[in-house]
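Below: the structure, in structure tokens.
The values are calculated or read from the model by the stated rules, or taken from the named source; none is laboratory data. Small disclaimer: the values here were computed from a predicted structure and weren't measured. Ideal geometry is used to build each Cβ from the backbone, glycine not excepted, and the neighbour counts take in all protein chains shown.
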Ligand code: GUN
Ligand code: ZN
């Protein structure tokens, strides 16, 4: 057994109750001088360090000092093939895809390029404290294989699936007359539910698939147990108008997916900015989640995601970096952006709910909350040690919060978490652990 000593924080539920401004105290635990006990890659116990040290006298101890031990971040939407697209200047979605993204993704036909990019990609996730992700690769079987192989090597819990697209994209990125069937079936056979990996059906977005391709994916989903869907929905106004032209029979963009059997628990749709109340009701009724990707939405000028409306409707919402339209791998940076996006709409985001979004909510969105997302006993021990003293600005802000709380760390918890959320990034990640083993340590 290993005992990790430090300040422990995790969420047991959504900390912001609807009626109540104050965070629901039953929904989170903040334990100064706490400990996380790990055995066989799983959470064995948690609580005050003194109690756990007495309970497990033979455990190996890892003292993280002032470090804050939190569950690994869950990125519900990211593109592994856009490591060289991030920070490409000056356009909105459809133009950005044509100008930067599609040309770059064609390079992933080369398996060596794909393998090297995947290794870099997962190094970045570890350095930014992300331990699970829902990942878009490209349309290529080899590039999808590269993501799965790299994740398997690192024992990560991820969902990924070959991108399906067979129109309105360069020839080199287009599925052929078999709609991508053969490659998809081979990948499912090799990787779906293989260790911690899941295959997820990945139509890029409704415009880039023919109705026949979407119908085939919907059929496949009914055949293979545990197969969910990821895609994009209602991100950009021009995109929404285009979908209306392409699918005039559908009530809405979301309805295109529903008609093809592509909504349900574990399914994650990125963005969802330009939805209406009927769409939100369908998301909630089907258990389909939205990945809120604020840095991407700012960067592409897509719009402001209405979190309050989504949550009032009962929609499950996770957090997504959406690299490469997103501008940071860091879910802390992404939370700072989320805070700004919500402020612009007269909404707010408490640090409690912020950390919930980056951890347990993401696990719920992906249907993985029985396995990851917090420190409940038996869950997989993916965790991160954050450093409230990572930068001079952060250190000063946290020290002052503690001082104002009379040295009572628990009383300063909200301020410290908020400072990490607003000022933190990869510099604030001291270490990342996968199944209890160190996967990254800041040097
Ligand atoms: N819609 C279709 N493809 C993409 C993509 O790669 N990124 C984003 N942000 N939106 C998309
Ligand atoms: Zn995306």
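Where in segment 194-303 are the helices (runs of 4 or more DSSP H), entirely inside, with at least 1 residues that are more than 16 Å from ligand 2 (Cβ to nearest atom) and at pLDDT below 95?
Working: elements: 211-223, 237-246, 253-259, 277-286, 294-299.
Helices (runs of 4 or more DSSP H) meeting the threshold: none at all.
Could you identify the single residue in 48, 57, 71, 32 that is modelled with pLDDT of 95 or more and closer than 30 Å to residue 146 by Cβ?
Numbers: 48 fails: closer than 30 Å to residue 146 by Cβ; 57 fails: closer than 30 Å to residue 146 by Cβ; 32 fails: closer than 30 Å to residue 146 by Cβ.
Sole residue among the options that is modelled with pLDDT of 95 or more and closer than 30 Å to residue 146 by Cβ: 71.
With the requirement that a residue be in a loop (DSSP other than H, G, I, E, B) and either within 15 Å of ligand 1 (Cβ to nearest atom) or more than 16 Å from residue 268 (Cβ to Cβ) (or both), what does segment 315-325 give you?
Narrowing segment 315-325 to residues in a loop (DSSP other than H, G, I, E, B): 315, 320-325.
Those that are in a loop (DSSP other than H, G, I, E, B) and either within 15 Å of ligand 1 (Cβ to nearest atom) or more than 16 Å from residue 268 (Cβ to Cβ) (or both): 320, 321, 322, 323, 324, 325.
For residue 318, state whether it is within 16 Å of ligand 2 (Cβ to nearest atom), within 23 Å of residue 10 (Cα to Cα) and in contact with a strand residue (DSSP E or B) (Cβ under 8 Å, 6 or more places away or on another chain).
On the way: within 16 Å of ligand 2 (Cβ to nearest atom): yes; within 23 Å of residue 10 (Cα to Cα): yes; in contact with a strand residue (DSSP E or B) (Cβ under 8 Å, 6 or more places away or on another chain): yes.
So residue 318 fits the description; yes.
Report yes if some residue within segment 277-299 is surrounded by fewer than 24 Cβ atoms within 10 Å (Cβ to Cβ), within 30 Å of residue 118 (Cβ to Cβ), away from ligand 1 (no atom under 12 Å from the Cβ) and touching a residue at least 40 places away in the same chain (Cβ under 8 Å); otherwise report no.
no
Residues in segment 50-98 that are over 26 Å from the mean Cα position of the chain (by Cα) and surrounded by fewer than 21 Cβ atoms within 10 Å (Cβ to Cβ): how many?
Narrowing segment 50-98 to residues over 26 Å from the mean Cα position of the chain (by Cα): 50-63, 65-66.
From the residues that got through so far, the ones that are surrounded by fewer than 21 Cβ atoms within 10 Å (Cβ to Cβ) too are 50-51, 53-63, 65-66.
Residues flagged as over 26 Å from the mean Cα position of the chain (by Cα) and surrounded by fewer than 21 Cβ atoms within 10 Å (Cβ to Cβ) within segment 50-98 amount to 15.
I need every pair where a residue in segment 219-240 that is free of Cβ contacts under 8 Å to residues at least 40 places away in the same chain and closer than 24 Å to residue 302 by Cβ has its Cβ under 8 Å from the Cβ of a residue that is within 14 Å of ligand 2 (Cβ to nearest atom) and assigned to a loop (DSSP other than H, G, I, E, B), sequence separation at least 6 or different chains.
231/204; 231/205; 232/204; 232/205; 240/234
Identify the residue in segment 327-336 that is more than 12 Å from the chain's Cα centre (by Cα) and in a loop (DSSP other than H, G, I, E, B) and, among all such residues, is nearest to ligand 1 (Cβ to nearest atom).
So the residue we want is 327.
Where residues in segment 120-139 are surrounded by fewer than 24 Cβ atoms within 10 Å (Cβ to Cβ) and in contact with a helix residue (DSSP H, G or I) (Cβ under 6 Å, 6 or more places away or on another chain), which of them is farthest from residue 429 (Cα to Cα)?
122
Scan (1) more than 28 Å from residue 8 (Cα to Cα); (2) out of contact with any helix residue (DSSP H, G or I) (no Cβ under 8 Å at 6 or more places or on another chain) for the single condition residue 309 breaks and write down its number.
Unmet condition: (2).
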